[in-house]
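Heads up, the thing below is written out as structure tokens.
The values are calculated or read from the model by the stated rules, or taken from the named source; none is laboratory data. Predicted model, so just to flag it, every value in this text is computed and none were measured. Neighbour counts are summed over all protein chains in view; Cβ atoms, including those assigned to glycine, are modelled from backbone coordinates with ideal geometry.
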Amino acid sequence: MFPEYRDLITQLKTTDRHFLNLFERHNDLDQKIKNLEAHIEHATQLEIEALKKEKLALKDELYGLLRRAATA
């Protein structure tokens, strides 16, 4: 995710607790969605779509934080 910000992501994960929490939640959702789509865990299609929307919202928020940090 966001390879152009790889160094900044590493920095923010160690200096910004909010960023770290969002990043970890995004990764947790990503893994959960993969498990659901592989039928390792069970959920309805609506539940999976809700998780995907939450993951996308987190990604948007992370991107905003990265852009602000990059211009600061």
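Go through the range 47-72 and give me each residue that's touching a residue at least 24 places away in the same chain (Cβ under 8 Å) and either under 14 Å from M1 (Cα atoms) or among the basic types (K, R) (or both).
K55, L58, K59, E61, L62, Y63, L65, L66
Taking into account only those residues within the range 17-46 that are in contact with a helix residue (DSSP H, G or I) (Cβ under 9 Å, 6 or more places away or on another chain), more than 21 Å from Y5 (Cα to Cα) and surrounded by 11 or more Cβ atoms within 10 Å (Cβ to Cβ), which is modelled with the lowest pLDDT? Applying the filter and picking the extreme gives E41.
Per the listing F2, F23, F19, the residue uniquely under 14 Å from the mean Cα position of the chain (by Cα) and at positive phi is F2.
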